[in-house]
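Enquirer: Handing you this structure, nothing more for now.
The values are calculated or read from the model by the stated rules, or taken from the named source; none is laboratory data. If you're wondering where the values come from, they're calculated on a predicted model, not measured in any experiment. Glycine gets a Cβ as well: all are built from the backbone with ideal geometry, and neighbour counts include every protein chain shown. All accessible areas refer to the heavy atoms of the entire protein, side chains included, with ligands and DNA or RNA removed. Shrake-Rupley method; radii C 1.70, N 1.55, O 1.52, S 1.80 Å.
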Amino acid sequence: MTALHRALYTWFNLLIFLILLVLRLDQRTQWNWFIVFIPLWLFDLIVSVNIIINIITLFKNGRIDHLPREMWYTSVMLMKISAQILICLKLEAPHWFLPAKLVLGPFWILLPALAVDVFINLMHHYRY
């Protein structure tokens, strides 16, 4: 899949998610919040399969030096999925009284880590 196709698929998923989100927030539908997040679940599934295929390919080719990067991608995906699940649980079951710190915890861990990762990659590419 080329970069253009990946970008178009990502934007299409985001557009469908935003349409479902607006329909739910306008109370035009009474769908479960997990249903509203289906486009994001599908996107996460495809990215996770891609990561698993890359890990298998790395092991098959004996290029273990790139394995930490794939593990980083895996941990990012797991934090994103856990944040989505917690958000859906918070919205679907308000009687559970989940604190916002708990619900947004994975994002607060993920965002600074991604900022540091981007900074390190920019410095690495700038140097070479």
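Enquirer: Looking only at the range 88-100, how many residues end up being open to solvent by less than 40 Å² (accessible area, probe 1.4 Å) and either assigned to a helix (DSSP H, G or I) or of a type outside the set (A, V, I, L, M, F, W, C) (or both)?
Expert: 1
Enquirer: Residue by residue through the range 54-67, note down the ones that are open to solvent by less than 90 Å² (accessible area, probe 1.4 Å) and either aliphatic (A, V, I, L, M) or assigned to a helix (DSSP H, G or I) (or both).
Expert: Once the filter is applied, which keeps residues that are open to solvent by less than 90 Å² (accessible area, probe 1.4 Å) and either aliphatic (A, V, I, L, M) or assigned to a helix (DSSP H, G or I) (or both), the range 54-67 yields Asn54, Ile55, Thr57, Leu58, Ile64, His66, Leu67.
Enquirer: Also, quick follow-up: Out of the residues in the range 26-37 that are without any contact (Cβ under 8 Å) to a residue 12 or more places away in the chain and touching a helix residue (DSSP H, G or I) at 6+ places or on another chain (Cβ under 9 Å), which is farthest from Ala93 (Cα to Cα)?
Expert: Arg28
Enquirer: Look through Val103, Val36, Val47 and report the one residue that is modelled with pLDDT of 95 or more, among the aliphatic types (A, V, I, L, M) and surrounded by 15 or more Cβ atoms within 10 Å (Cβ to Cβ).
Expert: Just a single option satisfies the conditions, and that option is Val36.
Enquirer: Listed residues Met71, Met79; which is aliphatic (A, V, I, L, M), closer than 20 Å to Val118 by Cα and free of Cβ contacts under 8 Å to residues at least 24 places away in the same chain?
Expert: After applying the criteria, what remains is Met71.
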